[in-house]
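First up is the structure itself, then whatever we jot down about it.
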Amino acid sequence: MKIETYKIFELDTKIGQVRTCEADLGEKKGIFFVYSESPNVDPCERYFFFHKYPLQMAMFDEDGRRLWHRELGMGVIPGVWLMPFISFDLNGDGYDEIWFLNNKKDNLPLNSASMVLERVDGMTGETIGEYHFGAENTISERLSHAYRFMIFAGYVKGEPVIVTQQGTYGDIYFQCYNKDMTLRWKKVIGEFEGSRASHTTPVMDINKDGIDEVIFGEHIISLDDGHEIISLDHKNYNGHSDVVLPFYDYGSGKSYIYTCREGGEYEGCPRIVTYDYKGNIIWKDVYSDEWGDLVEDGHMHYGFIATVRPNFRRVAYALRHRVKKDKWEDYYYDAVTGEKLEMPFNMRNWRPIDINGDGYHEYIFNGGESRTSRVADSEGHEVFDSKGQLLLIGRWFGLPGEQFMAWYPENGEIKIFYDADAKNSKEFNMRYEDKYRSMMKKMTGSGYNWGTSIDCSDNISKFGE
């Protein structure tokens, strides 16, 4: 591997946080950034604080030139859950609009009545629409539950639709809109009606009927009319599924959904569950042996699917946080059979990336005290240090292999790194042969869609076969 800097974007300020998504701007691509000198504000009562600096937005073209910039008011809290955004072409003109949650009252940052869904021209930054968002739906809940919002989008028989969503741990609300922003459907999933939300929203046509579905928690919901085509483990689980990850097995040619559960514990509750695409449980593991309010013995905090040697074997990783015992545990499985495995190194705080394009995953560091994004080969040997913090794994500029973005707090630089020696294998190309990744790259500003729901999923065009 020969990892080098390919492109630099200059934000011209110190940054305490940054998020990004890709946008289609006619025949060209745009790179959209949302950033602030303030660090991320989480609505959880243990972590919430009032920010000192506003959020800023900037659109760049692929050459690194800034097309426009905007500073938002102090009423917009700079946090993943308090200000979701996506890019999406709802009117079908070939240019994505930017959709985000704005607050029109600078002095009232928690005022749900002044929060709106704002629509911005992707080329100019001009506001071209403001719509009711529905933030008041969860206002009666505690702070951590009330201020968690998402936006996602998809297609119904070729027609674009966009969805606004409120709630994660309690009641969950959805509103779906047509291309003219008329309401298509709305839906409420009550607190005891199956699982709660996930932190990701994979959108795909899971049953090949020309209609996209969203995997939301352990619910698979049609974007056509909001009905659930499958509710996974509906009778037995109503907790929060932290990770919900569709994947494809090269060996068997079958499709699966891997889930890691955070909340909703009860005695004997499985914390890791893998389903087939019809909703049948294939394997499960890790059972809560303690339970009760705030025990969180079975808190599965993170997980991913990696492709390893030999024969493109799929491996599932899960990280358990036993909160009461202040203990962390790592688990590794054959992703298809559930067989427990040992790996050549501890994968905690690492994420899969196929930077050289050979179809097998290397890994990039994303955590710890240093938080610098370092690249390791498939055996865990470190080969490169970007000295920046990981922002996103993806593909840009038609380069072979996968690339990653790193950000630098002191000078506001965003760098894209690539492997100059990368060559794409047929297995790598298979991962990118459908629209799933290009669609999900537009939604990396909503929830944790910048994470494993995109860079770990494989060959979604074959999902359901």
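The values are calculated or read from the model by the stated rules, or taken from the named source; none is laboratory data. What you are looking at is a predicted structure, and each value in this text was computed from that prediction instead of being measured. Backbone-built Cβ (ideal geometry, glycine too); neighbour counts: all protein chains shown. What goes into the accessible areas is simple: the full protein's heavy atoms, side chains included, and nothing from ligands, DNA or RNA. Shrake-Rupley method; radii C 1.70, N 1.55, O 1.52, S 1.80 Å.
Quick one: what are the phi-derived ³J(HN,Hα) couplings along region 264-276, Karplus 6.51/-1.76/1.60 with θ = phi - 60°, whole Hz, x for glycine and proline?
x, 6, 8, 4, x, 6, x, 9, 10, 9, 10, 10, 7
Using the beta-carbon distance between Ala113 and Lys435 and R0 = 35 Å, what value does 1/(1 + (r/R0)^6) give for FRET efficiency, to the nearest 0.05? Before the final figure, lay out the partial values.
Numbers: r = 37 Å, r/R0 = 1.06.
Calculated value: 0.40.
Once amide H atoms are placed 1.01 Å from N in the peptide plane, what residues at a sequence separation of 5 or more from Ile211, or on another chain, have their amide H within under 5 Å of its amide H?
Lys157
Could you check the simple spin-label distance between Glu193 and Asp63, using points 7 Å along Cα→Cβ, in nm with one decimal?
Computed distance between label sites Glu193 and Asp63 equals 5.2 nm.
Would you mind getting me the FRET efficiency between Asn311 and Cys44? Use the beta-carbon distance for r and R0 = 45 Å, nearest 0.05.
E between Asn311 and Cys44, to the nearest 0.05, is 0.60.
As a check on your grasp of the helix formula, calculate [θ] at 222 nm for the chain: sum -39500 (n - 2.57) over DSSP H runs of n ≥ 4, divide by the residue count, round to the nearest 500.
Details: 4 runs with 19 residues, N = 465.
The per-residue figure over the chain is -500 deg cm²/dmol.
How large is the Kirkwood hydrodynamic radius of region 296-399, counting all unique pairs of alpha carbons, in Å?
Kirkwood radius, region 296-399: 14.8 Å.
Multiply the residue separation of Glu159 and Thr182 by 0.36 nm, subtract the distance between their alpha-carbon atoms, and state the gained length in nm to one decimal. Can you show the working numbers first?
Details: separation 23, 0.36 × 23 = 8.28 nm, distance 1.33 nm.
Length gained, Glu159 through Thr182: 6.9 nm.
So what are the ³J(HN,Hα) numbers for region 206-220, from phi and the Karplus equation (6.51, -1.76, 1.60; θ = phi - 60°), rounded to whole Hz, Gly and Pro as x?
Rounded to whole hertz, the list is 6, 10, 6, 10, x, 10, 5, 10, 10, 8, 10, x, 10, 10, 10.
Label points 7 Å out from Cα along the Cβ direction at Tyr266 and Asp334: separation in nm?
A separation of 3.2 nm, rounded to one decimal place.
Full extension from Asp225 to Ile8: what is 0.36 nm times the residue separation minus their Cα-Cα distance, to one decimal in nm?
73.9 nm
Output wanted: per-residue J couplings in Hz (rounded whole) for region 167-177, from phi through Karplus 6.51 cos²θ - 1.76 cosθ + 1.60, θ = phi - 60°, x for Gly and Pro.
x, 10, 9, x, 5, 10, 10, 10, 9, 10, 10
Classify region 361-421: rounded, prolate or oblate, from the alpha-carbon gyration tensor (a ≥ b ≥ c, eigenvalue square roots; a/c under 1.5 rounded; otherwise prolate if a/b is larger than b/c)?
Numbers: a/c = 2.14, a/b = 1.10, b/c = 1.94.
Verdict is oblate for region 361-421.
Using a probe of 1.4 angstrom, how much of the accessible area of the chain is carbon and sulfur, in percent?
Numbers: 8400 of 17580 Å².
About 48 percent, which is the carbon plus sulfur part of the accessible surface.
Go through Ala135, Ile221, Gly154 and say which Cα lies farthest out towards the positive end of the charge dipole of region 112-230; charges sit on Cβ, +1 for Lys and Arg, -1 for Asp and Glu.
Ala135
Taking amide H positions as placed in the peptide plane 1.01 Å from N, state which residues far from Gln17 in sequence (5 or more) or on other chains have amide H under 5 Å from it.
Result for Gln17 returns Ser36.
Assuming 0.36 nm per residue, please report the length gained on full extension of the stretch Met343 to Phe397 beyond their Cα-Cα distance.
Answer, rounded to one decimal: 16.1 nm.
Probe of 1.4 angstrom, ligands and nucleic acids ignored: what's the accessible area per residue over the chain, in square angstrom? Before the final figure, lay out the partial values.
On the way: 17580 Å² over 465 residues.
Each residue of the chain exposes 38 Å² on average to a 1.4 Å probe.
I need the shape label for region 112-250. Rule: rounded when a/c is under 1.5, else prolate if a/b > b/c, else oblate, with a, b, c from the alpha carbon gyration tensor.
oblate
Listed highest first by mean packing, meaning other Cβ atoms within 10 Å per residue, what order do 190-197, 359-366 come in?
Packing order, densest peptide first, comes out as 359-366, 190-197.
Hey, can you grab everything whose amide H is under 5 Å from the amide H of Lys29? Only 5+ residues off in sequence or another chain; H modelled, so Pro and N-termini drop out.
So Lys29 has HN proximity to Glu62.
Of the listed pairs Lys157/Lys340; Lys52/Lys415; Lys284/Lys327, which have alpha-carbon separations greater than 30 Å here?
On the way: Lys157/Lys340 42 Å; Lys52/Lys415 26 Å; Lys284/Lys327 21 Å.
In this structure, Lys157/Lys340 exceed 30 Å between Cα atoms.
To the nearest 10 Å², what's Ile393's accessible area with a 1.4 Å probe?
10 Å²
Mind running the shape call on the chain? Use the C-alpha gyration tensor, a ≥ b ≥ c as the square roots of the eigenvalues: rounded below 1.5 for a/c, prolate if a/b tops b/c, oblate otherwise.
rounded
Could you tell me the calculated FRET efficiency between Asp121 and Lys52, based on Cβ-Cβ distance and R0 = 22 angstrom, to the nearest 0.05?
Values: r = 30 Å, r/R0 = 1.35.
With R0 = 22 Å, the Cβ-Cβ based efficiency is 0.15.
For a quick protection proxy, order the peptides 168-176, 80-88, 56-64 by their average other-Cβ count within 10 Å, most packed first.
Top of the packing list down: 80-88, 168-176, 56-64.
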